[in-house]
Amino acid sequence: MKMTMHIDDDLLDKAMGLAGVESKTAAVDLALREFVRRGALVRELSPGLDLSPAELKEVFDPAYDLGAMRLAETPTPYGRKSRSRR
């Protein structure tokens, strides 16, 4: 089925570059699939956790600081252990 669409060329070029696709059809197909995926996700998550705003405040620790936690962690060494030379 052939269809005529009027799409901003600059916008389409940017989308193709971001998506890493070389055809206009692939870019439009990918964009539509992403739009549908996000819409389904929003629809699925819209009821929330069935908690009131007051209950949500109780669930989350206001002092939670991910950045501070990451800085406080001891880094895990990766790679081979160095051998002592005799």
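Applying the condition of being in a loop (DSSP other than H, G, I, E, B) and hydroxyl-bearing (Ser, Thr, Tyr) to region 1-49 and asking which residue is modelled with the lowest pLDDT yields Ser46. Annotation: Ala68 fulfils all but one of (1) outside any loop (DSSP other than H, G, I, E, B); (2) among the hydrophobic types (A, V, I, L, M, F, W, C); (3) within 21 Å of the chain's Cα centre (by Cα); the unmet one is (3). Annotation note: Cβ proximity below 6 Å between a residue of region 3-18 that is touching a residue at least 40 places away in the same chain (Cβ under 8 Å) and loosely packed, with under 10 Cβ neighbours inside 10 Å and a residue that is part of a helix (DSSP H, G or I) and among the aliphatic types (A, V, I, L, M) (sequence gap 6+ or interchain) occurs for no pair. Of the residues making up region 19-41, those that are of a type outside the set (A, V, I, L, M, F, W, C) and surrounded by fewer than 12 Cβ atoms within 10 Å (Cβ to Cβ) are Gly20, Glu22, Ser23, Thr25, Arg33, Glu34, Arg37, Arg38, Gly39.
The values are calculated or read from the model by the stated rules, or taken from the named source; none is laboratory data. Computed from a predicted structure; not experimentally measured. Virtual Cβ from ideal backbone geometry, glycine too; neighbours counted across all protein chains shown.
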